[in-house]
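Written out below as structure tokens is the structure these notes cover.
The values are calculated or read from the model by the stated rules, or taken from the named source; none is laboratory data. Owing to the predicted nature of the structure, the values given are computational and were not obtained by experimental measurement. Don't worry about glycine lacking a Cβ; one is built from the backbone with ideal geometry, like all the others, and counts go over all protein chains shown. Note: accessible area is taken over every heavy atom of the protein model, side chains too, but ligands, DNA and RNA are not part of it. Shrake-Rupley method; radii C 1.70, N 1.55, O 1.52, S 1.80 Å.
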Amino acid sequence: MSVRVRYAPSPTGLQHIGGVRTALFNYFFARSQQGTFILRVEDTDQSRSTDEALQDLYDTLHWLNIRWDEGPLVGGPCGPYIQSQRFEIYQKYAAELVESGKAYPCYCSEERLANLREEQAAAKSKEQGYDRHCRNLSAQQRAEFEHQGIKPVIRLKVPLEGSTTFHDVLMGDITRKNRDVNPDPVLLKSDGFPTYHLANVIDDHLMGITHIMRAQEWIPSGPLHVLLYEAFGWDVPQYCHLPMVMGKDGQKLSKRHGSTAVREFKEKGYLPEALTNYVSMVGWSYDGVKEFFTREELEQVFTLEKINKAPGVFDYKKLDWYNGMYIRAKSDAELASLLTPYLAKAGFVTEPCSARQQERIDAMVPIVKERLKVLSDVVEMTRFLFEDIACPPVDQMLPKNQTVETTVQVLNATIPVIKELGKASDEDLEQRLASIATERNLKINGVFMPIRVAVTGSTVSPPLFDSIRLLGLETTMIRLERAITTLTQHMGK
Ligand code: GLU
Ligand code: ZN
């Protein structure tokens, strides 16, 4: 039987790291098995589902290049793939369950259920949830309620005895006493809307899903779902609940740790290849050694057996490292076109950019390439090239424990050296700057840092000589003279 798997998010919020990891694992598993990857939108909770979240789902999967074989927008033999378009199907199957005695209509009013909850809470009763009041209504009693025009909900008749076991590829057998399963959960609401459990099980069956790979938080629903499959007389798919994604502190990954919405990673300038590669390594590994995988490789080698049983740790620093590696693997031309939108957004260049701007970008790319963690880093790294930056404040130009007087002397001494840039070799110039330091008993940084800050406005910049070449000697000299003037004025105070 060929593998059919699905990613079945509820469009109630932005796609986050945990979600796309589930999507990727399903996608790679499908590909590695020559199977089918299905996207299904579980929007039965209409009050929480939004168009924005749905659009974000499509955008995110497109950006990560996760193509679904069947699902919304592309269609397929089991459609529609959006649950809110399938309500008639759920109603029909719920009616079938009532017919076969596996489910029953419940006419209890909201008020009665609320009182019940209150009583249970007050009595600290172990009995929680519905009291199965309508489980054994006679046909006549039902007819009576129907006659009064009361619209019932449909509840599953959970067996009172015995236990239910389901098998999970990673966790093994998980068994639950039927007595401990939610007492007769609602399958269909009185307005004809299905609950998550009903729609999920029906769709997984009708869509021929062979493996259910989803977040571990759904394990508690497992026994209930198995009871539903059994009530319908359907085969139960294989389960593979995925261990959680945590932050480095061992807590479930959340906003406290940093961005979790994939959209934000995209905006900051993470590359989809880097995010795909890293997220695939959170809780899965090939041999514990190999860290870089192309998408094509993952499509081949992904297996369920190699998913870790322990929770996966999402390490932002590690992702930065991956991203830097992927950035450096780009050609200069590719990187230039990836960086241009960030430069345009900062107002440094126009879009499309002029020939002169393009020249500047092309010259700058090889120099910033080595230092970028994320694409958006380029903005602060190159601001000094595109903007007439203000003279930095005095204390920013002073190396630790270095006086204003010394710094002025140093800068004055460097001017004739820097003017030689392009005439003498870089090594030679570096040597001469170094001796300005040694003559005054300073560390080399005591010379380089004030120049760097005066010229680029920042203590972190691309390599100094490269930065000066990009900026041009003329502007560099203006900035150096300006720094000297500012420092000198400060001395007088
Ligand atoms: N709609 C559920 C979710 O948002 C899907 C759970 C499942 O995959 O069965 O996570
Ligand atoms: Zn009832």
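The listed peptides 394-403, 421-430, ordered by packing as a protection proxy, come out as 394-403, 421-430 (highest mean of other Cβ atoms within 10 Å first). In region 74-191, the portion of solvent-accessible area held by carbon and sulfur atoms comes to 49 percent [1.4 Å probe, whole percent, DNA, RNA and ligands not counted].
So in the chain, what percent of DSSP beta bridges are antiparallel if you round to the nearest 5?
Antiparallel bridges make up about 50 percent of those DSSP assigns within the chain.
Under the simplified labelling scheme, the K317-T488 pair shows an inter-label distance of 4.5 nm, with each label point 7 Å from Cα along Cα→Cβ. Length gained on full extension, L113 to D59: 15.3 nm, using 0.36 nm per residue less the C-alpha separation. Measuring between their Cα centroids, region 90-166 and region 385-405 lie 74 Å from each other. Remark: the T50-N136 segment gains 27.1 nm on full extension, using 0.36 nm per residue and subtracting the alpha carbon distance.
Comparing Cα centroids, region 440-482 and region 288-355 end up 31 angstrom apart.
When each of the peptides 302-310, 204-212 is scored by the mean number of other C-beta atoms lying within 10 Å of its residues, the order from highest to lowest reads 204-212, 302-310. Taking amide H as placed 1.01 Å from N in the peptide plane, the amide H of R132 sits under 5 Å from none that are at least 5 places away or on another chain.
Do the alpha carbons of any pairs in K189/K268; K248/K369; K189/K266; K266/K309 sit beyond 32 Å of each other, and which pairs?
Exceeds cut-off: K189/K268; K189/K266.
Remark: relative contact order (region 340-459) = 26 percent; criterion is Cα-Cα distance under 8 angstrom and separation of 6 or more residues. The spacing between region 224-277 and region 173-193, judged by their C-alpha centroids, is 24 Å.
Which stretch or stretches of region 87-126 have amide N atoms under 19 Å from the point lying 7 Å from Q148's Cα along the Cα→Cβ direction? Of the residues in region 87-126, 104-117 have backbone N under 19 Å from the label point off Q148. Under the membrane-span-like helix rule (DSSP H runs whose alpha carbons stretch at least 30 Å along the helix axis, mean Kyte-Doolittle hydropathy 0.5 or higher), the chain yields none.
Under Stokes-Einstein, with the Kirkwood radius over Cα pairs as Rh, the value for the chain at 4 °C and 1.567 mPa s is 47 µm²/s.
Near the amide H of R6, within less than 5 Å, lie the amide hydrogens of I38, M213, all on another chain or at least 5 residues away, with H placed in the peptide plane.
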